[in-house]
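Novice: What follows is a structure written as structure tokens; I'll ask about it next.
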Amino acid sequence: MNADACLRWLASDQPDLDEIRNAASSIVKDGKRASDVIDRIRALYKKAPPQRQFVDVNEIIREIVVLLRGEANRYAVSMRTDFAADLPKTTADRVQLQQLFMNLMLNGIEAMKETGGVLIVKSQLGQDGGLLISVSDTGVGLPVEKADQIFNAFFTAKPQGSGMGLAISRSIVEAHGGRLWATANSGRGATFHFTLPTATEVLQVAATGT
């Protein structure tokens, strides 16, 4: 989108150089982000340990909502968030979590591309004291009789899908000590849930070595 905007401004009779600079800066920033994501996914499949830091999950969700707003608008999808107040931080690879949210939220948007709908991302504390995140859509729902296969590599119900998005998402969650699963909504659509340990839990496990 930034590249298209940059080309449009350059083609005008009186190009707005400040807008062009801002668009070019955004292109560089997005390119760096994409490079970081690819590097972390490579590391994930090489079984390299995640580059952990203290992470605010709600902040990451806000970032991805901004990144996907254009795609959501394109398909008449409304994105909503429901954040728990004072949610504890987790210790995680920030770029891998960004990729995780990108995969799950894009999956929800694509499930509603024919009809439009609502995507809701919710964060809360689970009953076990860890983080519990859900991404819910009002789309086509889970594939009938194949719901248990959706996290398998190369399985896809989409005509142009690679079958890797959910498999990568599961790998990221499990690498961070969590669990990822999906449920059918009572009405339309599906919800993907995943857990993550809080930073305190991660530090306790590291201290005990268990």
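Novice: At R0 = 35 Å, how high is the FRET efficiency between M1 and Q53 if r is their beta carbon distance? Nearest 0.05 is fine.
Specialist: Efficiency computed from Cβ-Cβ geometry: 0.75.
Novice: Between Q14 and Q127, 0.36 nm times their residue separation minus their Cα-Cα distance comes to what?
Specialist: So the chain would gain 34.7 nm between Q14 and Q127.
Each value in this text was obtained by applying a stated rule to the coordinates, not by laboratory testing. These figures come from a predicted structure and were not determined experimentally. Here Cβ is always computed from backbone atoms with ideal geometry, including for glycine, and neighbour counts include all displayed protein chains.
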